[in-house]
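FYI, it's all coordinate maths here, none of it is from the lab. Please read these numbers as outputs of a predicted model, since none were measured by experiment. Don't worry about glycine lacking a Cβ; one is built from the backbone with ideal geometry, like all the others, and counts go over all protein chains shown.
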Amino acid sequence: MDLPLVIVHGGAGSWKDERLKVGVEYVEKAAREGFSCLERGGSVLDAAEACTLFMESCGELNAGRGARPNRDGELELDAMIVNGADITFGSVAAIIGIENPISLARYIMERTDYSFFAGGNAHRIYEQMISEGYREEKTQGVVMGPHVSSTSDTVGCIVVDKSGNIAATSSTGGIPNKAPGRVGDSPVMGAGAYANQCCGASATGYGEHIMRVVLSRTTVLYVEEGQSPMQAAKRGMEIFEQKTGSEAGIIVADAKGRWGYATNAKAMPVAVLAGNGLKVTSFTCVNEEKQQEET
């Protein structure tokens, strides 16, 4: 087993070549953030939150501070975190004025009797989180996550610790110029992300279509049935394209430390850090047909 493991995506879509370099740079930094969290004694959930919080705060990806505005010019965010150990999750949708919805999603999962909050009432839960001291607020709407050492499309990650525990996340600003109140796949359990004791997945792409095939859960099921994470990722994308004709991407990792990825969009930045943590593998997952169309 090559554990622990952190795998990160920066979103699948029609990336411009100059922006791809930036995307790869920041998913690599996010992977290092999550891995170093594990090295400092953080849990698999701590690492997944820290990794995603970094991407929300970097301003270079479509999540948190870097999110694309809706039609009203506001950053309206969605996020989810999943604990594979017991298949619990926390989700937040259509929230405004909060840079780090991933921390709020985790609070919802761990400290409330519910799993999903949206809009203005989610803001009330955020205020409750801060007042209880669950997270420290650096500035309005910006939090300090656990074990954090530093400050496209949907971003997401999967973290697997040395014991094979799995956590998965998804966080986004949604599609460009979306209608206010629109919610995509990112906070929807089984669509934007999913994890159990066997495997985890995190998806990216056009949310309305990802939800139709419950892409993350479907892909994890293929691993449960005996396929490798790479085979499952490719099979999941095949089914997705057959059923919807749309574009998406997915990353996958199992409890043994095996991982995979696939996209039918032009490109998806990916980074993987595993084992002794000495080297991060960062690359662009490309769709050759889409690349040829662009050129």
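Overview of results
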read-out: Label-point separation in nm, E127 to Q242, each point 7 Å along Cα→Cβ; value: 5.0 nm
read-out: Dipole of the chain, positive direction: furthest Cα of G164, P69, V143, with charges on the beta-carbon; value: G164
read-out: Förster radius 25 Å - calculated FRET efficiency between K16 and A85, Cβ distance, rounded to 0.05; value: 0.05
read-out: Alpha carbon centroid spacing (whole Å) that separates the range 205-226 from the range 1-50; value: 21 Å
read-out: Charge dipole magnitude, Cβ of K and R +1, D and E -1 - the chain, Cα centre, debye nearest 20; value: 160 debye
read-out: In the chain, lysine pairs with alpha-carbon atoms under 16 angstrom apart (chain gap of 8 or more, or interchain); value: 9
read-out: Debye, to nearest 20: dipole size of the range 166-291, +1 on Lys, Arg Cβ, -1 on Asp, Glu Cβ; value: 180 debye
read-out: Longest to shortest principal axis, alpha-carbon extents of the chain, angstrom; value: 49, 44, 34
read-out: Label-reachable residues, the range 30-57, where backbone N falls under 19 Å from a point 7 Å from K162's Cα toward its Cβ; value: 32-48
